[in-house]
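Notes follow the structure.
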Ligand code: IVH
C-alpha cells in the first residue's frame, strides 16, 4: 500500500476511534480508555492532519477544538418551525389537557391515551441538521422560524455527534435538543468569573446561553456544555411512528437522550412519573423545570393540531419554581477582594429546594433602588443551582409603612475609609489598600484551588491570621513561623506542620497560577494562561506596555488597561517585588518547532481559497503563532493571506499597500526565525 494511502487509512481509523471514545465518555458516561490514552490518539490525529491537511475528514474530532472567530452570527431558517409548549402547573391542569386532547382526537373518555413523558431540560433549544448522517448546521431557536447559525460552536460540544452512528440514516433530518451546562460546571464557571473580577451568571441556563453565543468558538470549547436530544423537525424518506421509538433511534445514532423517559397510559401513569422525577430532581446533575408530556404517536400529534404555535398534543408539566417568600430582617454590607461593597439581605430562614436559605444577594445600590427593596419587606426569593439566592421582587401589598429604606454607607463598613463609585460602574468600592476585608479576600483568592492551591488555608484561618495582625500583606503569609500558627485557635503541632508545608509547596507555582493568584481585575484563569504563555516571565509581563498586552489574542482593551493600572501602582509594585523574594514562578515551556511567537502582534486577513490549508487551519496557525485574524483589510492589517478567487479584500490590500502573501510564503514565514 502506498505511503499516502496508509496515512489516509490511519486518519480514518483515528477519527472513528476518537468518535467512539467520545461517545463512550460523553454520551454513555462509561469510558473504555484512560484520559492519557485518549489524548495520545487525539494528538496523533492532530499531527497527521497538520502534516496532511488534505486528508482531514469533514467530521474530524479535531474540529471540536474551535474554529475561527466570527464577526457576528448569520441567520438560518429552520425547515420546520420550532414551536413552543403550553404549560400545566397542577394535576388538574394536566387533566384538562388530557380531556382536550380526547376531544380533538374524538376518543371516548374511558380510553387512555398513550403519552411519552420525559424531562424538561432547562437550557436552550437547538436545531441540528444532518445531511446523509453528517452535521451540516446547528441553529438556535430564534423566533421559531429562523435562528442564529452556531454550527462552529456546537461542533465543540462532545455529546453532539458530528456524524450519526449506524448505517441507515435519513438523507436529511432536523434534530431538536437542549443545550445545558451541568450544575457543577456552572458553579465552577462562576467561581472562575468571580476570580477574574467578572459578573457571575445568574443560573446554568444563562451560562449555557452565554457560552454558546460566543463569537470565538475556542471559548465555547472550554465550557463543558452537553446536549440532550428530544425532538424532530424536518425529515426526508424515513418513517418514524412513535416518539419512544424516535428517542431510541436518537440514542442509537449517538445522542444523549437520558434514561428518564417513559411511555405512559393515561394521566395516572404520567402523575407517577412526575412525582418520581420530582423526588430525584435535586440529585440530577443538571437543572430541569418540569417534565414534557407528548402524545406518543406522531400521527396523533398532527391530528390534534396546533394552537398559537404550540402543538395541542404536547404539554410542559412544570414543577413549582424554587421560590419562597420570606422577610428581610436586615441588610449587611460585604467587602470583596477588589473592595466592592455588596449589600446582602439577611432573611428569616426558609427552605427552598432542599436547602435552608438565610441570605440573598442584593447585588448593588441600583438593584435595590430598581426593585425598591427595604428592610422589613416581605420578598419573593429564588434559588437557581447552588448560587447565592436573590430577591425577585418585593410584595408591596403587605407593606406596613414601617419598612426602612437602605443606602450603602459612604465609608467602608470594615476599615472606615472612603468609598467611590466610578462613572460607568454600578459598584461602589472601598479605596483603602489596607482594608482588612479586602486583604482577607485577596489572601483567600491567592490560596484558592486554581491559584496557589495552599491546602488547609481555609476561610477561618485567614480570618484569624489577619485579625491577629500576623498577616498584613501577601509576603507575611510566607514568613509565618511555627509559633505564629501554633497560637491560633484549633492548631496543634501536626496541623501547624501541615499548613507550613503546604505554604512551602506553594512557593514554586506555575507562572499562570501565580498571575491568576494576584487577583488582577479581569484576569481570570484563561487570560492568566495566555499571559504566561506569551510573556514567559513575571519580569517581562510587568514591563510590557498596553500595546504589548493588546497584541495577545483574547486580551482586549479592558484587560490591558487593568494590567497597566495594576503594575503601575506603587503599592502593588512594592508588594509584588517583596512577594517575589519568596515565590519563584515557573515559566511555561515554549512550544517547539514552527509554533511560537512569530506573528505576535500581527493582524492577518484571510481571503480566497488556499491551496492546502482550510480557513480553520490557517486561523489556528496564525493564532498558535501569536497573531490575530481580522475580517476586513485596513492600514492596521499586517498582511493579507490570499488564495484563489480572492476578491475585494485583495484589491483593498493592493490599494492600501498592505503586503500580500501566498500560502507558501506564509508557511515559509512560520518556519523562519521570529519577526
Ligand atoms: S419538545 C413544540 N422536549 O421546552 C416544542 N422541549 O417550551 C417541542 N424543552 O423550546 C419541544 N426539554 O427548549 C421538548 N424534552 C423536551 C424538552 C423541551 C426542554 C424546551 C425546549 C422548548 C421549550 C418549550
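Before moving on, here are some points about what is shown:
- Against the test of being out of contact with any helix residue (DSSP H, G or I) (no Cβ under 9 Å at 6 or more places or on another chain) and at pLDDT below 90, the options 79, 24 yield a single qualifying residue, 24.
- Number of the condition not met by residue 206 [criteria: (1) under 12 Å from the mean Cα position of the chain (by Cα); (2) more than 16 Å from the ligand (Cβ to nearest atom); (3) surrounded by fewer than 19 Cβ atoms within 10 Å (Cβ to Cβ)]: (2)
- For the range 254-279, a tally of residues being over 26 Å from residue 169 (Cα atoms) and touching a residue at least 12 places away in the same chain (Cβ under 8 Å) returns 11.
- Any chance residue 398 is surrounded by 17 or more Cβ atoms within 10 Å (Cβ to Cβ) and without any contact (Cβ under 8 Å) to a residue 60 or more places away in the chain: no
- Where residue 153 falls short, out of the listed (1) part of a loop (DSSP other than H, G, I, E, B); (2) more than 28 Å from residue 263 (Cα to Cα); (3) within 17 Å of the chain's Cα centre (by Cα): (1)
- Scanning the range 168-224 for residues that are part of a loop (DSSP other than H, G, I, E, B), under 16 Å from residue 154 (Cα atoms) and free of Cβ contacts under 8 Å to residues at least 60 places away in the same chain yields 223, 224.
- Any chance residue 241 is surrounded by 16 or more Cβ atoms within 10 Å (Cβ to Cβ) and away from the ligand (no atom under 14 Å from the Cβ): no
- Whether a residue is touching a strand residue (DSSP E or B) at 6+ places or on another chain (Cβ under 7 Å), part of a strand (DSSP E or B) and modelled with pLDDT under 95 was assessed, and residue 358 passes this test.
- Restricting attention to the range 419-473, the residues that are outside any helix (DSSP H, G or I) and either farther than 24 Å from residue 187 by Cα or free of Cβ contacts under 8 Å to residues at least 60 places away in the same chain (or both) add up to 27.
- Residue satisfying all of: in the range 286-305; at pLDDT 95 or above and within 11 Å of the ligand (Cβ to nearest atom); surrounded by the fewest Cβ atoms within 10 Å (Cβ to Cβ) among these: 301
- Counting only residues that are surrounded by fewer than 22 Cβ atoms within 10 Å (Cβ to Cβ) and away from the ligand (no atom under 16 Å from the Cβ), the range 145-157 holds 2 of them.
- Failed item in (1) over 30 Å from residue 295 (Cα atoms); (2) touching a residue at least 24 places away in the same chain (Cβ under 8 Å), with residue 6 passing the rest: (2)
- Filter pass, residue 142 being at positive phi, surrounded by 15 or more Cβ atoms within 10 Å (Cβ to Cβ), within 15 Å of the ligand (Cβ to nearest atom) and touching a residue at least 40 places away in the same chain (Cβ under 8 Å): yes
- The residues on offer are 283, 337, and the sole one that is away from the ligand (no atom under 15 Å from the Cβ), surrounded by 19 or more Cβ atoms within 10 Å (Cβ to Cβ), modelled with pLDDT under 95 and under 26 Å from the mean Cα position of the chain (by Cα) is 337.
- Qualifying positions in the range 489-500 - touching a helix residue (DSSP H, G or I) at 6+ places or on another chain (Cβ under 7 Å) and either part of a helix (DSSP H, G or I) or surrounded by 17 or more Cβ atoms within 10 Å (Cβ to Cβ) (or both): 491, 496, 499, 500
- Residue count, the range 282-305 (criterion: assigned to a helix (DSSP H, G or I), in contact (Cβ under 8 Å) with a residue 60 or more places away in the chain and closer than 28 Å to residue 383 by Cα): 1
- Residue that is surrounded by the fewest Cβ atoms within 10 Å (Cβ to Cβ), among those in the range 49-96 that are in a helix (DSSP H, G or I) and within 16 Å of the ligand (Cβ to nearest atom): 93
- Any chance residue 99 is at pLDDT below 95 and outside any loop (DSSP other than H, G, I, E, B): no
- Within the set 342, 327, the sole residue that is away from the ligand (no atom under 16 Å from the Cβ) and more than 26 Å from the chain's Cα centre (by Cα) turns out to be 327.
- Put simply, of 439, 449, 457, 470 the only residue that is surrounded by fewer than 19 Cβ atoms within 10 Å (Cβ to Cβ), farther than 17 Å from residue 366 by Cα and touching a helix residue (DSSP H, G or I) at 6+ places or on another chain (Cβ under 6 Å) is 470.
- The selection criterion, being surrounded by 14 or more Cβ atoms within 10 Å (Cβ to Cβ), assigned to a helix (DSSP H, G or I) and free of Cβ contacts under 8 Å to residues at least 24 places away in the same chain, holds for residue 24.
- Selection from the range 306-320 of residues that are outside any loop (DSSP other than H, G, I, E, B), under 30 Å from the mean Cα position of the chain (by Cα) and either crowded, with 19+ Cβ neighbours inside 10 Å or more than 9 Å from the ligand (Cβ to nearest atom) (or both): 315, 317, 318
- Verdict on residue 113 being in contact (Cβ under 8 Å) with a residue 60 or more places away in the chain, closer than 26 Å to residue 304 by Cβ and more than 16 Å from the ligand (Cβ to nearest atom): yes
- Exactly one residue among 378, 351, 359, 374 is over 30 Å from residue 294 (Cα atoms), surrounded by 15 or more Cβ atoms within 10 Å (Cβ to Cβ), away from the ligand (no atom under 16 Å from the Cβ) and under 31 Å from the mean Cα position of the chain (by Cα), and that residue is 359.
The values are calculated or read from the model by the stated rules, or taken from the named source; none is laboratory data. Just so it is clear, the model here is predicted, and its values are computed rather than measured. Glycine also receives a Cβ, built like all others from the backbone with ideal geometry; neighbour counts cover every protein chain displayed.
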